[in-house]
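Asker: Input: one structure, supplied below.
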């Protein structure tokens, strides 16, 4: 299963911490040739599962900023969305992220996830993420896909749900945040 990524715009820096929302609920985003929203509760399974979720810089596994296992990344779901707080390390990646945050140059937050069987619902060209397996969250320098930002790359085509998934997989090679 290939990792999907999505980007949102909400980061605040205070000292050596970053906080904000990785994703917000019920906000429609244009992804490839379909629209997507995240339903409240979509991250609950991942958060309750106790697995190790990483915080990365630009989805790069060589640039780890924090992780849930060590307690340096804290994630919670509230009525607005998936909230995060991370302790930024004194590493080159950490210093770069803090410098960009201080200047207001960060693109936002993104998350990498897989969709388990039955975790999404399709109605025409609209997808609702109901349950996702969260793998990582990333501080990104790119443009956001959620919070009112749209992504349009191709003319609209009529596709089956399976064809849409294949198109998503093709778009995501290697670790490109939408």
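The values are calculated or read from the model by the stated rules, or taken from the named source; none is laboratory data. Small disclaimer: the values here were computed from a predicted structure and weren't measured. Virtual Cβ from ideal backbone geometry, glycine too; neighbours counted across all protein chains shown.
Asker: Name the single residue that is modelled with the highest pLDDT among those in the stretch 6-20 being crowded, with 21+ Cβ neighbours inside 10 Å and within 12 Å of the chain's Cα centre (by Cα).
Answerer: Checking each candidate, the answer is 6.
Asker: Shifting gears a bit: Is it the case that the stretch 93-102 has a residue that's part of a loop (DSSP other than H, G, I, E, B) and either surrounded by 13 or more Cβ atoms within 10 Å (Cβ to Cβ) or at pLDDT 95 or above (or both)?
Answerer: No.
Asker: Any residue at all in the stretch 126-142 that is over 13 Å from residue 57 (Cβ atoms), in a loop (DSSP other than H, G, I, E, B) and at pLDDT below 95?
Answerer: Scanning the stretch 126-142 turns up no residue that is over 13 Å from residue 57 (Cβ atoms), in a loop (DSSP other than H, G, I, E, B) and at pLDDT below 95.
Asker: Now a separate question. Please enumerate the residues belonging to the stretch 35-59 that are modelled with pLDDT under 95, surrounded by fewer than 19 Cβ atoms within 10 Å (Cβ to Cβ) and either touching a helix residue (DSSP H, G or I) at 6+ places or on another chain (Cβ under 9 Å) or more than 19 Å from residue 114 (Cβ to Cβ) (or both).
Answerer: Across the stretch 35-59, the qualifying residues are 35, 58.
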